[in-house]
Structure formats: C-alpha cells, structure tokens
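Everything below concerns the one structure shown next.
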Amino acid sequence: MQGSCLCGAVEFRVEAISPKAYRCHCSLCRKQGGASSNLAIIVEAQNFSWITGREHISSYVRPTSFRSDFCARCGSPVPNPLRTTAYYWVPAGLLDDLETLEIGARLYTASKASWETIPSDAPHFETVPKLSQLIELLSPRRQ
Ligand SMILES: [Zn+2]
Ligand SMILES: [Zn+2]
C-alpha cells in the first residue's frame, strides 16, 4: 500500500500493515497535527520503504526527543523511524486505499484536551504503554 503527503512530493510504501491504529491525545500531538489526537500505525522497518521525496522532509526534535518529520513543501506530517527501534511511525491519514482501520489503543488520555470526550472503543492509557505492549494491541493476533 502506498502513502503520500498533501502535495505528493513525499511517497512511501508499506507492506503488511497492522489492522489497528492508535490515537495519541497528548498536548504535543495536538500541536503537531492540529486536532484533538493523532492517528497512526506502527510498521516494522522491514515493511516500510520510501518511494520518493526524502529530500523534502524536514525534522523538528524537541529536547525531550519528541520528533516531528514533515514535508517542507506542504507541511504534512510524514513517517519517521520510531526512535532506535525497528519500527516506523506512520500517520494513518497519509495512506491511500486504506479500506478498514480499527483503533487498538488510546494513549495519554490523562492529558487530553479539556474539550474532548474520548470514546471507549479501545484500551485507554493515561500515559503510554511499553512499545511491546502497544504493538501487541495493534497486531492481528489480538482480533
Ligand atoms: Zn508534501
Ligand atoms: Zn502524543
């Protein structure tokens, strides 16, 4: 499956995506995406590849290591390697032809916007679970 940014300069491909995404309700993701939460999937690095446009990607990293990669032409958030792990963080809205997507976890619910009501469609975490637990929650084996 392919994904691309708003202007199309950055394109990538993912194979074997997990059927579940997570939403993060933290204050940083609100700023980064401009909405109440982000919606992302986690892809094994071996199942992720860039097609074109890496030269258009800019990166912003906060002192806490929160990182936002984005297309410098259109501002779309774009995938980035999940710190030092063997996974990529992929914004779900960039994926073309995604037919179904469930929410597998909701993170940082304790720091949600006061105006947001979070549905109970997936496990809530006041902060963030261990990466291995998150991956388990998003994996097909949990269905
Ligand atoms: Zn772009
Ligand atoms: Zn967040």
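None of the figures in this text is laboratory data; all of them are computed from the coordinates on show. Keep in mind the model is a prediction, meaning the values are calculated, not measured. Neighbour counts run over all protein chains shown; Cβ positions are idealised from the backbone, glycine included.
What does the convex hull of the alpha-carbon atoms of the stretch 23-74 project to on average, in nm²?
Hull-based average projected area comes out at 4.6 nm².
Restricting the calculation to Cα positions, tell me the Rg (one decimal) and the Dmax (whole number) of the chain in Å.
Reported Rg and Dmax, both Å: 14.6, 40.
Identify the GluC sites (Glu not before Pro) of the stretch 1-104 meeting these criteria: DSSP loop state and at most 16 other C-beta atoms within 10 Å of the C-beta.
Listed in order of number, the matching sites are E15, E99.
Among A92, T117, G104, whose Cα lies farthest out toward the positive end of the dipole of the stretch 2-142, if unit charges sit on the beta carbon of Lys, Arg (+1) and Asp, Glu (-1)?
T117
Starting from the 7 Å offset along Cα-to-Cβ, what nm value, one decimal, do you get for the label separation of W50 and R62?
If labels sit at W50 and R62, their model points lie 2.5 nm apart.
Gain in length, T100 to L28, computed as 0.36 nm per residue apart minus the alpha-carbon separation, to one decimal in nm?
23.3 nm
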